[in-house]
1. Could you check residue 55 against (1) over 17 Å from residue 116 (Cα atoms); (2) touching a Gly at 6+ places or on another chain (Cβ under 8 Å); (3) open to solvent by 30 Å² or more (accessible area, probe 1.4 Å) and say which number it fails?
2. Could you pull out the residue among 71, 81, 133, 67 that is acidic (Asp, Glu) and crowded, with 18+ Cβ neighbours inside 10 Å?
3. Against the condition of a type in the set (A, V, I, L, M, F, W, C), over 15 Å from residue 124 (Cβ atoms) and not in a helix (DSSP H, G or I), how does residue 70 come out, does it pass?
4. So if I check each of 49, 115, which one is modelled with pLDDT of 95 or more, of a type in the set (A, V, I, L, M, F, W, C), loosely packed, with under 13 Cβ neighbours inside 10 Å and closer than 21 Å to residue 13 by Cα?
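The values are calculated or read from the model by the stated rules, or taken from the named source; none is laboratory data. Values in this document were obtained by computation on a predicted structure and should not be read as measured data. Glycine also receives a Cβ, built like all others from the backbone with ideal geometry; neighbour counts cover every protein chain displayed. To get the accessible areas, we keep the full protein, side chains included, count just its heavy atoms, and leave off ligands, DNA and RNA. Shrake-Rupley method; radii C 1.70, N 1.55, O 1.52, S 1.80 Å.
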Amino acid sequence: MTAVELAAAPTQRPVTAAMARSQVRALLGARSEEAGASLTVVDDILLVVTELVTNAIRHGGGLVAFDATLDGDQLTVSVTDASPAAPRAVPRTRAATPGGFGWPLVQQLGREVTVTPTAQGKTIRVVMAAGPDA
């Protein structure tokens, strides 16, 4: 059986994390419910999408490109921003210090996480399980 590859609409680059989540949610919903991921897996995927897009907008000089592809039970999300600086975890010195959770979460929830320098900045690619057994 050949894996069917589904991709988010390439002409619809999101301008907010909510738009990116909506595209990925629609992509995941393109499969039948029997073959879909559990709610926990979908929540994890949407959390990663939110962190990547929010950080691109907030810390990366803006979102340059966004792509999400579903191949069987594997989702690949790629976010390109305008900053060449690699993501890093921000050390938290006090419990009340805000932020610093996003990058560690992305690394923990992704099966594979890569950061590739580009002419425009960098692309972060995260591969995640998106099947019923994830």
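1. Going through (1) over 17 Å from residue 116 (Cα atoms); (2) touching a Gly at 6+ places or on another chain (Cβ under 8 Å); (3) open to solvent by 30 Å² or more (accessible area, probe 1.4 Å) one by one, residue 55 breaks only (1).
2. Matching residue, one of 71, 81, 133, 67: 81.
3. yes
4. 115
Residues checked against (1) touching a residue at least 40 places away in the same chain (Cβ under 8 Å); (2) touching a Lys or Arg at 6+ places or on another chain (Cβ under 7 Å); (3) part of a strand (DSSP E or B); (4) within 24 Å of residue 133 (Cα to Cα):
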{"position": "66", "(1), (2), (3), (4)": "yes, yes, yes, no"}
{"position": "75", "(1), (2), (3), (4)": "yes, no, yes, yes"}
{"position": "79", "(1), (2), (3), (4)": "yes, no, yes, no"}
{"position": "91", "(1), (2), (3), (4)": "no, no, no, no"}
{"position": "95", "(1), (2), (3), (4)": "no, no, no, no"}
{"position": "100", "(1), (2), (3), (4)": "no, yes, no, no"}
{"position": "115", "(1), (2), (3), (4)": "no, yes, yes, no"}
